[in-house]
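Here's the structure, in structure tokens; my notes come after.
The numbers here are math on the coordinates, done by the rules we state, and not lab data. Remember, predicted model here, so these are calculated numbers, not experimental data. Counting neighbours? That spans all protein chains shown, and the Cβs are built from the backbone with ideal geometry, glycine included.
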């Protein structure tokens, strides 16, 4: 009796042919791969970087494109309070004593006895460029002993400020006082404050001003019309 399938009668398995120069095929159990920490896909990182960049551009755009509106009179804890003094070197325009650009430091308190439009601006700010002719019109229509514009450079370079005024005109003083933007709570430009002859803040204007809007604020505050 012949028993089939018995290991005793099984023929030895002939090795499988392999291509010349290769090793015979063997079946092995591959070791388990260690789990690798997941890393962000390059495209995911790219889109995240683009989103951050877009957000930054939008933020800069808000700062650089404040609407010019006479109705943008905003509340401020400074209204009704003494205006923080501004003290810095003159970048452009005459100082109070006529010493010339950069001759001396200029203070807001030097203008006591007249209305002052304290204007925070920057040469790289588009609405500041648009409001500049309005400030020039206001300055020309008021004698300096009655009303005065005093601009404060906001994160700008003195040579850029001088070039800006040389190209666009305007003879009022511009000072460099980085600390004043903190004192006045200014976070963007343009932004202006109307200071009364007694040194009290009367109005805060967010966005570009107009000559007509400033005249309206002066009338509301009881100032005499320009003469």
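What does the highest-first list of 73-80, 155-162 look like by mean Cβ count within 10 Å? Working shown, then result.
On the way: 73-80: 13.2, 155-162: 15.5.
Descending packing order for the listed peptides: 155-162, 73-80.
Would you please calculate the Kirkwood hydrodynamic radius of segment 126-168 over all C-alpha pairs and express it in Å, rounded to one decimal?
The answer is 11.6 Å.
I need the Kirkwood Rh of segment 87-220: take the reciprocal of the average 1/r across all distinct C-alpha pairs and report it in angstrom.
Mean inverse Cα-Cα distance, inverted, gives 14.5 Å.
Give the percent of DSSP beta bridges with both residues in segment 71-227 that are antiparallel, rounded to the nearest 5.
65
Would you mind ranking 154, 184 by Cβ crowding within 10 Å, fewest neighbours first?
184, 154
Determine, for each peptide in 191-201, 168-178, the mean count of other beta carbons within 10 angstrom over its residues, then list the peptides with the highest first.
Numbers: 191-201: 20.4, 168-178: 17.9.
In decreasing order of mean packing, 191-201, 168-178 become 191-201, 168-178.
Just need the relative contact order of segment 87-220 here, percent rounded to a whole number, with Cα pairs under 8 Å and 6+ apart. Don't skip to the answer; put the middle values down first.
Working: 251 pairs, mean separation 44.0, N = 134.
Reported relative contact order: 33 percent.
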